[in-house]
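Scroll down for the structure; my scribbles are underneath it.
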Amino acid sequence: MSRLPRPDFTEHAAEPTLMQLSERHREYWRRNLRVTLVLLVIWFTVTFVPVFFARELNEWSFLGWPLAFYMGAQGSLIVYVLIIGYYARVMNRFDREYGVNEDV
């Protein structure tokens, strides 16, 4: 049985280089992260606040249903779809503005 020679990785063992981002790319990612953070805060609020404060929220009604029940059944789903639509629209605008959009 013949043995295969071991690969020589010493030529690739140099210090790894970090990808150099221009200031414009940094600004793009900063704006992207800011939008993402705001939308995650909205998601967290819509998901957990109605559950945590259900008794207090059930004192109010929305379309004839207790508010916490409505948010759990349908309201939060509507907000999730709105979050997705908003994120897609904003990121498409950012992509065009910073020249990183995909040509379809």
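At most 15 other Cβ atoms within 10 Å and a DSSP loop assignment: could you name the trypsin sites (Lys or Arg not before Pro) in the range 30-66 that fit?
Hits after loop and neighbour filter: nothing returned.
Selection among 88, 61, 71 by position relative to the dipole of the range 53-104 gives 61 as farthest towards the positive end (Cβ unit charges, Cα centre).
Coordinate-derived values only; no laboratory data. Small disclaimer: the values here were computed from a predicted structure and weren't measured. All Cβ positions, glycine included, derive from the backbone under ideal geometry; neighbour counts span all protein chains shown.
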